[in-house]
1. Just order 493-500, 274-281, 464-471 by mean Cβ neighbour count inside 10 Å, highest at the front, would you?
2. Which shape class applies to segment 401-473: rounded if a/c is under 1.5, otherwise prolate when a/b exceeds b/c and oblate if not, where a ≥ b ≥ c are the square roots of the Cα gyration tensor eigenvalues?
3. Accessible surface of Lys119 in the full protein assembly, 1.4 angstrom probe, to the nearest 10 Å²?
4. Leaving out ligands, DNA and RNA, what percent of the accessible area of the chain is carbon and sulfur, probe 1.4 Å?
5. Starting from the Cα gyration tensor of the chain, take the square roots of the eigenvalues, sort them a ≥ b ≥ c, and report rounded, prolate or oblate (rounded when a/c is under 1.5, otherwise prolate if a/b is larger than b/c, else oblate).
6. Determine, for each peptide in 70-76, 317-323, the mean count of other beta carbons within 10 angstrom over its residues, then list the peptides with the highest first.
7. Please arrange Leu340, Leu263 by accessible surface area, largest first, computed with a 1.4 Å probe and ligands excluded.
8. So for segment 296-368, what percent of the C-alpha to C-alpha distances run longer than 15 Å?
Amino acid sequence: MSGSPKTVDYDEVVISNNDQVPIVVSPAEKWFNWLEQANIGKWSTVITLLFGIYVRWNVGLNPYSGQNIPPMYGDYEAQRHWMELTLHVPMNQWYYYDLEWWGLDYPPLTAYISWICGKIGSIFNPEWFTLDVSRGFESEESKLFMRSSVLILEYLIYVPSVIVFVNWWFADKSSKKRRLAVLFILLQPALILIDHGHFQYNSIMLGLTIWSLNCFFYEYDVLGSVAFCLALGFKQMSLYFSPAIFAYLLGKCLKNKSQGFILFVKLGVTVVITFVIMFFPFLDSIEHISQVIFRIFPLKRGLYEDKVANFWCAINIIIKLREIFEIHVLTKISLFTTLLAILPSCINLGLNPDKHRLIYCLANSALAFFMFSFQVHEKSILLPALPITLLILDESFWSSWFNNIALFSMFPLLKKDRLILSYFIVWFMWNWMGSFVQQDVKPIVLRYISWASYIVMGVIHFFDFNIAPPKIYPDLYIVLNVTFSAGIYLLMLFYFNYRQITLPYNLDEKKGKRKAE
């Protein structure tokens, strides 16, 4: 692969762009230009935030995971039940209580936040969280509270982290570029549809991760370590990012010969103390902490959960790995393959611990985990989508392409949740605002490949909506989705590894000089 994609803001040259040419001016650019001409450009970020609330709230008016579908309902009920559980069950029983009914299987920070939400919700109506009796409770008032809790927590944690990130990353660029970045990142379709449609709190985990990056960017490495530990303490999927974070910090310690060892000790002590504080209520016995770990890492569930667009599920069409090998063997195969996939980017970052390589390494590490690790859920694609979306203006072609494939790969889940209309509206809105499908790229064959991929997505959707699959292959369209998406993800993994390894050296120093000028 040679050359780099073009950015939306063509009047400036981005670090990752070597052959910039003018492209179409997007509706988003025209909007911000109009705001400036109307002398209200300073309010553009506020307008973006309000528009973000409007989009999220409208998505939230649609169905959610498991709505009115007994006996287990879905993720909405799981989140509501954890609020009920943490409110009424003693803390030492949180990870033991009635495991057959959405037993708690996330780290303690999720439980603590569930407890806070449950406390607040009980002020309005205790019946929403009555122990056992409230299972499957779906009143309009309780749904309003649950939807609001996702939105409020996202705007408290995730949204500010994005704004701080953009202001650092594009500090030497125009205000219009920063406003475009905030708009496109905050309107990322996949996260909106999963958190506000399907119903989850992924923005908390992702926001804490971005806060850790912000701290690293401003040289607050210890504080950044705390923030990332909190992300791990909220959802164990944050481990997808951990090799990149570890490689960056270790490389920084090794590079700093005078203070490196002291920094290493500080970081080690910080990590230990942070985790001890989060897990302290569960450290009263080996049996208790073992139960917590067992619930957080349920290895007995199998190589992957349902049909997901990763390597293992895709090759299952030909090679039935789960029938050939025992679970413990598959675990080792998965571990070895994942480590092999993340090594190139992590070694590169460790030897060159600059902040720009860190973002690419986060993408490579998370995508490698999604493709090859054990027990992957389709929603886990939100993790590699985070750093790749943060590169939406530096790598506009690849970032937008990845986000479109990511959303498409989650379509079977969103279809099950009856979010088809929201899926298409948010997807088309985001692409139209950025004119992403019109992005230019060299070599031109990549543009043809991307267009071909969009045609394939359209064809699969057309057949899915109009022609019933054969009775002997009831999951035909899901399998086609999985196989196609996994193939594109592999291409993306190769590309972002290539981009990271070929990045110029001393980018941070060069950027600092441009800021000073």
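1. Values: 493-500: 20.1, 274-281: 14.9, 464-471: 10.5.
My ranking of the peptides, most packed first, is 493-500, 274-281, 464-471.
2. Working: a/c = 2.74, a/b = 1.51, b/c = 1.82.
Oblate is the answer for segment 401-473, as a/c is 1.5 or above yet b/c matches or exceeds a/b.
3. Number for this one is 100 Å².
4. Details: 15140 of 21960 Å².
Carbon and sulfur atoms account for 69 percent of the accessible area of the chain.
5. rounded
6. On the way: 70-76: 15.6, 317-323: 10.9.
Highest mean packing first, the order is 70-76, 317-323.
7. On the way: Leu340 105, Leu263 30 Å².
The ranking, largest first, comes out as Leu340, Leu263.
8. Numbers: 1653 of 2628 pairs.
The calculated P(r) of segment 296-368 puts 63 percent of pairs beyond 15 Å.
The values are calculated or read from the model by the stated rules, or taken from the named source; none is laboratory data. Bear in mind that the values here come from a model prediction, so they are computed numbers and not experimental data. No Cβ is skipped: glycine too gets one built from the backbone with ideal geometry, and neighbour counts run over all protein chains shown. Each accessible area value is taken on the protein alone, full model and side chains, heavy atoms only, with ligands, DNA and RNA left out. Shrake-Rupley method; radii C 1.70, N 1.55, O 1.52, S 1.80 Å.
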